[in-house]
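Okay, structure first, notes after.
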Amino acid sequence: MKRTRLYWLFIALSAQLASCENKSSTPSQAAITELSLKRGQIITCGATDRKLGAVEFNTSCGAETQESFNLALQLLHSFEYDEAEKAFATIIDKDPACAMAYWGVAMANFHPLWTPPSDVELRKGVKAISIAQSIAKKSPREAAYIAAIAAYYQNWEQVDHHSRCIAFEKATELAHVKYPTDSEATIFYALALTAAADPADKQFKNQRKAGRLLEALYPNEPNHPGIIHYIIHTYDYPELAALALPAARKYAAVAPSSAHALHMPSHIFTRLGLWEECINSNLTSVASAQCYAQEAGIKGHWDEELHGMDYLVYAYLQRGQNALAKQQLNYLKSIKEVTPLNFKVAYAFAAIPARHSLENKRWPEAASLPIDSTLVPWRDFPWQKAIIHFARVLGSVHTGQMAAATAELAQLEGIHSLLVNQKDAYKAKQVAIQLRAAEAWIHLLAGRNAEAVAHMNQAADLEDQTEKHPVTPSEVIPARELLGDMLMQLNQPKQALAAYSASLRKHPNRFNGLYGAGLAAERAGLQDSAALYYQQLLMVANAANSDRIELKTIRQFLTAHKYNVVVRGI
């Protein structure tokens, strides 16, 4: 029944597409010029010879464009959007009547799993789709692809991004059903399912369906960058991450010339607490991003470098490698210009200093974190700015500064109201979690212990109901771990142990989570449990070059109670 309904929807959509066409053969040069296409040499870094995986996509365009089209899709599937647009532009130069090249331009300006396209990108996408629709020479299959991306751009000025992602999913499903043996149609449908997934769906219906589709394709196309890349994205959740580990360990070898392919596996390594693999992934990714900036003539730094740095600092901190984390923080402070200046950049500039202070419990430092607007216009990035205010609240509470903590709470309340008014439900909820946690710690400072625990439990429950944004390796501090910290201050070690254990299930191998759980078990008189957590932490943290005092403390405990002491980190 569903297949029949989809078939007739496909027929209707195709008819609508046909009715909009002017049946021209070649678009005017003026229309092409108006697209303002990115052009120039296609830049790749990482591998000495260009390696981006294997994609084969036959089009009705001339044979002379086939190699360029395959390259463009390789770049597109690894989210190298600027370079993909350049590749599609070369096809347009060779064959201005190639409808699928304009489809590619529209796809390169979509980036469904990142931040929504800017107005400039949306307008370019609309123009590209209009040209694609106007070209008469295209196959029914190509018309289906064009109709799918057109569904995303339709009414973009009136309809929100997520609703248009759902429209893209439905239209892509039509193409998938119409052409069930077309692996590219299936791959893009899987991508669309993940892009349209409900962030509140803890059953992961869309993601599981996308994963099944991709896994079925993988044995026949093990080097396809889209298949392996989207497996990682669709399983980038604590409950599903283990399913993506084989893909994560292969993707960088499939497309080593893509900075994103070098970084993306670290999403799964982070989810599973595999810190050494996360560090190695982001060291190569950051180096590739630096190479790209140099080759592309970018003034300053490329945004992908900052994205990799956030993950790198997070992993260093979990291994107790403070000196290496501080090197990255100092390097961040030296950066004066980033292109493009976007949400990823703002997040790194907020999260890296906050993590460095909070993970090490340097409360005076957290209380006085600066908000420097020299580079980042924080007014344009309120969600990211909230991270700094949240860190200041925690720092102020732990240093006994009630007035300062209350002032920072007011800042969080203002940001939350702003995001609510902007109808940005996801970011508003993330700040709401911080608000509730901040209120909890202010209650604790005021001696209202019952209210403090109640609010902290509410914050943890709210956080459990949603997922972190892909831009970040983790919440700045997991709310349930903060609950454990609070319960330890209230001398409730058994309850604290339960909170730490629950947090570790979602955030495995976190330094402070393991240490907190061990300390809670020790104070609850559960020496064997304490020893297990402590031994695990010694395996996770690199004891050889860590200055974390906690490692010395737990070695003393293990030695005193005649447990084995791990002498090397992993």
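Details
- Options Gly320, Gly273: the member that is outside any helix (DSSP H, G or I) and buried (at least 24 other Cβ atoms within 10 Å of the Cβ): Gly320
- In the range 492-540, the residue that is farthest from Gly320 (Cα to Cα) out of those that are assigned to a helix (DSSP H, G or I) and polar (S, T, N, Q) is Gln495.
- Of the residues making up the range 456-470, none is of a type in the set (A, V, I, L, M, F, W, C), over 18 Å from the mean Cα position of the chain (by Cα) and outside any helix (DSSP H, G or I).
- Tallying residues that are in a helix (DSSP H, G or I) and either polar (S, T, N, Q) or touching a strand residue (DSSP E or B) at 6+ places or on another chain (Cβ under 9 Å) (or both) within the range 541-566 yields 4.
- So Ser257, is it outside any helix (DSSP H, G or I) and in the same structural domain as Ile279 (by TED's automatic domain parsing): yes
- No other residue among Glu173, Glu142, Glu184 is out of contact with any strand residue (DSSP E or B) (no Cβ under 9 Å at 6 or more places or on another chain) and over 18 Å from Glu56 (Cα atoms) apart from Glu173.
- From the list Ser266, Ser281, the one residue that fits, being crowded, with 24+ Cβ neighbours inside 10 Å, in a helix (DSSP H, G or I) and free of Cβ contacts under 8 Å to residues at least 40 places away in the same chain, is Ser281.
- In the range 35-75, of all residues being farther than 24 Å from Leu217 by Cα and acidic (Asp, Glu), the one that is surrounded by the most Cβ atoms within 10 Å (Cβ to Cβ) corresponds to Glu64.
- Filtering Gln154, Gln158, Gln203 for residues that are closer than 18 Å to Ala108 by Cα and either outside the structural domain of Asp95 (by TED's automatic domain parsing) or surrounded by fewer than 24 Cβ atoms within 10 Å (Cβ to Cβ) (or both) leaves a single hit, Gln154.
- Verdict on Glu413 being surrounded by fewer than 21 Cβ atoms within 10 Å (Cβ to Cβ), among the charged types (D, E, K, R) and part of a helix (DSSP H, G or I): yes
- Selected residue (criterion: nearest to Asn58 (Cα to Cα)) from residues of the range 71-117 that are touching a Pro at 6+ places or on another chain (Cβ under 7 Å) and not in a loop (DSSP other than H, G, I, E, B): Gln74
- Restricting the range 176-220 to residues that are of a type in the set (A, V, I, L, M) and in a loop (DSSP other than H, G, I, E, B), the residue that is nearest to Ala72 (Cα to Cα) is Ala196.
- Residue pairs meeting the criteria (Cβ under 8 Å; at least 6 apart or on separate chains; first outside any helix (DSSP H, G or I), in the range 157-175; second aliphatic (A, V, I, L, M)): Val159/Ala167
The values are calculated or read from the model by the stated rules, or taken from the named source; none is laboratory data. Just so you know, these numbers come straight off a predicted model, no measurement behind them. We place every Cβ from the backbone using ideal geometry, glycine too, and count neighbours over all the protein chains shown.
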